[in-house]
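I have placed the structure first, in the form of structure tokens, so that the comments after it can refer back to it.
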Amino acid sequence: MAGASRPTAFGLRFVALFEAGKGLLVLLVGLELLSLIHQGVQNVGEEIVERFHLNFARHHPRILLYATTHLDNSNVRLLALAALAYSTVRFIEAYGLWRLRAWAEWFAILSGGVYLPFELYELVRHPTVIKAGVLVVNAAIVAYLVYVRWNERRNHADDFRRVE
């Protein structure tokens, strides 16, 4: 996609920054998880619930406390490793999109599209504004990337016809 139009390049780079931002966020969470090994995960969970004045009797604080009491150091390391793997994939995708590479567009379509059925299921099952927002943003990115690939393919076919 060397001859990408200015709007297309801007859009792809915007998506690249968005993906890099997701990668950075998950990487920071993974690093924070590693720091919990030395602090005691359960203590940190209790401190979060207390600091944000969450009601221990409510559903979400109980989930957090349950998770922190059942996490050992090997599980924390595994979660941190998964965060590193996820962020690496996002950074590679962001690099390819920033450089306007077709492989990155296809990869972003697949990696974003695979979440759509799960996000839709979760939204129907337990609707929230956040779940709706995540679904809309992800669907918009996938739709935009499909549009870019569709136009690139159409332009390539038009160029091929002119050569004949």
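Here are the numbers for this structure:
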item	result
Packing-based ranking, highest mean first, of 27-35, 67-75 given that Cβ atoms within 10 Å are counted	27-35, 67-75
The stretch 62-158: trypsin sites (Lys or Arg not before Pro) in DSSP coil with no more than 16 other Cβ atoms inside 10 Å	Arg99, Arg101
Assigned charges on the beta-carbon of Lys, Arg, Asp, Glu; the stretch 15-164 dipole about Cα centre (debye)	280 debye
Rounded tilt (10° steps) of 41-51 against the dominant C-alpha axis of the chain	90 degrees
The stretch 96-133 versus the stretch 33-73: alpha-carbon centroid distance in Å	29 Å
Dipole of the stretch 72-134 [Lys/Arg +1, Asp/Glu -1 at C-beta], most positive-end residue of Leu120, Trp98, Ala108	Trp98
Protein accessible area in the stretch 21-164, 1.4 Å probe - carbon and sulfur %	68 percent
Environment charge at Ile37 (Cβ cut-off 15 Å; Lys +1, Arg +1, Asp -1, Glu -1)	-1
Relative contact order (%) - criterion: Cα under 8 Å, at least six apart; region: the chain	30 percent
Under the Debye formula (equal points on every Cα, no solvent term), log10 I(q)/I(0) of the stretch 13-135 at q = 0.09, 0.14, 0.23 Å⁻¹	-0.35, -0.81, -1.21
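The values are calculated or read from the model by the stated rules, or taken from the named source; none is laboratory data. Quick caveat: nothing in here was measured; it's all calculated off a predicted structure. Ideal geometry is used to build each Cβ from the backbone, glycine not excepted, and the neighbour counts take in all protein chains shown. Side chains included, ligands, DNA and RNA excluded: accessible areas come from the protein's heavy atoms. Shrake-Rupley method; radii C 1.70, N 1.55, O 1.52, S 1.80 Å.
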